[in-house]
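The values are calculated or read from the model by the stated rules, or taken from the named source; none is laboratory data. In this text the structure is predicted, and so the values were computed from the model without any measurement. Cβ sites come from the backbone with ideal geometry, for glycine too, and all protein chains shown count toward neighbours. Ligands, DNA and RNA are stripped out before the accessible areas are found, and what is left, the full protein with its side chains, is counted by its heavy atoms. Shrake-Rupley method; radii C 1.70, N 1.55, O 1.52, S 1.80 Å.
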Amino acid sequence: IEAYDLEEFYLLLKLAEQDENPNIELIMNLALLSGIRRGEMCGLKWNNVSFEEGYINIIESRVVVHSKTTVKAPKTSSGVRKIFIPQRLVDILKKYHTQYMLNKMKFGRHFIDSNYVVSKENGEPYSPQGITNCYVRFMERHKIRYLKFHGLRHTYASVLIEQGENPKTVQHNLGHSDVSFTLQIYSHTYESAQKNAALKLDETIENIRKTG
């Protein structure tokens, strides 16, 4: 798999915050801090966001079939899931929800009250290709090492693993049907995490020896 490292991960979040595209901060933070797929991002509605409890519910996906965008349920039952998200993403979602309501008042009867989280100023939801186009232009503007949009999902998973998250949590958040599939995809990242765990154990033993 290809993923951004921790330094690039932080840089992408920082640049997205400063970018000229008003929606790129939302797109990049959703991708990097929840790991949801592009179609799931397009299908996320405001009523599936809990600001109080700090999670998002993934219950549907918007995908392109025969050149038309359509709404579909996840392929497997594991695709329907609750993902707890960091406070940073909660705060960003709150900000964009406020803007959604302001746009609703601004456009009045011309507003498309779609209730989709990732939407244009007039309320029209983004298509999967629209999200990709925003991402590609963002990367071109800042001349960053380019990975496909799906690489942001891999980055999210890799960051979780590197910070010591257990495989079942990673599997659940990604919507994989089986933990063995998650372990297979991220085997190299898990191996690195296991090596770090062994090093930390050595450090712990050494610290105990010195203070004992």
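If I histogram all Cα-Cα distances within the chain using bins 5 Å wide from 0, what percent of pairs lands in each bin?
1, 7, 13, 17, 18, 16, 11, 6, 4, 3, 2, 1, 1, 0, 0
Each residue of segment 99-108 in order: what ³J(HN,Hα) in whole Hz does its phi give by Karplus 6.51 cos²θ - 1.76 cosθ + 1.60, θ = phi - 60°, with x for Gly and Pro?
5, 4, 5, 5, 5, 4, 6, 5, 8, x
Could you calculate, for segment 98-212, the ratio of the Cα radius of gyration to the Kirkwood radius, expressed as Rg to Rh?
1.20
Mind checking which of 66, 186, 50 is farthest towards the positive end of the chain's charge dipole, using Cβ charges of +1 (Lys, Arg) and -1 (Asp, Glu) about the Cα centre?
66
Could you work out the relative contact order of segment 144-207? I mean the mean sequence separation of Cα pairs under 8 Å and 6+ apart, divided by the number of residues, in percent.
28
Cut-off 10 angstrom, C-alpha nodes, Gaussian network model of the chain. Which of 82, 200, 104 fluctuates the most?
Per the Cα network of the chain with a 10 Å cutoff, 200 tops the list.
If one puts a single equal scatterer on every Cα of segment 42-115 and applies the Debye formula without solvent, what log₁₀ I(q)/I(0) results at q = 0.12, 0.16 Å⁻¹?
Scattering profile of segment 42-115, log10 relative to I(0): -0.43, -0.73.
Rounded to the nearest whole Å², what accessible area per residue is found for segment 38-179 with the 1.4 Å probe?
53
Could you let me know the centre-to-centre spacing of segment 35-50 and segment 113-161, using Cα atoms, in angstrom?
Answer, in whole Å: 12.
Considering only Cα-Cα distances, which of the following residue pairs are longer than 27 Å: 72/143; 72/120; 143/195?
72/143; 143/195
Using a 1.4 Å probe over the heavy atoms of the protein chains, calculate the carbon and sulfur portion of the accessible area of the chain as a whole percent.
52
Report Rg(Cα)/(2.2 N^0.38 Å) for segment 133-178, keeping two decimals.
So the Cα radius of gyration is 1.43 times the expected 2.2 N^0.38 Å.
Quick one, what does Rg over Rh come out to for segment 1-101 if you take C-alpha atoms and the Kirkwood Rh?
On the Cα set of segment 1-101, Rg over Rh gives 0.97.
Could you derive backbone 3J(HN,Hα) for segment 24-31 from the dihedral phi with the Karplus parameters 6.51, -1.76 and 1.60 (θ = phi - 60°), listing whole Hz in sequence and x where the residue is Gly or Pro?
With coefficients 6.51, -1.76 and 1.60, one gets 5, 4, 5, 4, 5, 5, 4, 5 Hz.
Taking amide H positions as placed 1.01 Å from N in the peptide plane, with prolines and chain starts having none, which residues 5 or more places from residue 45, or on another chain, fall under 5 Å of its amide H?
117
List the residues, sorted by chain then number, that are 5 or more residues from residue 55 or on another chain and whose placed amide H is less than 5 Å from its amide H.
Residues meeting the criterion, in which the H sits 1.01 Å from N, are 50, 85.
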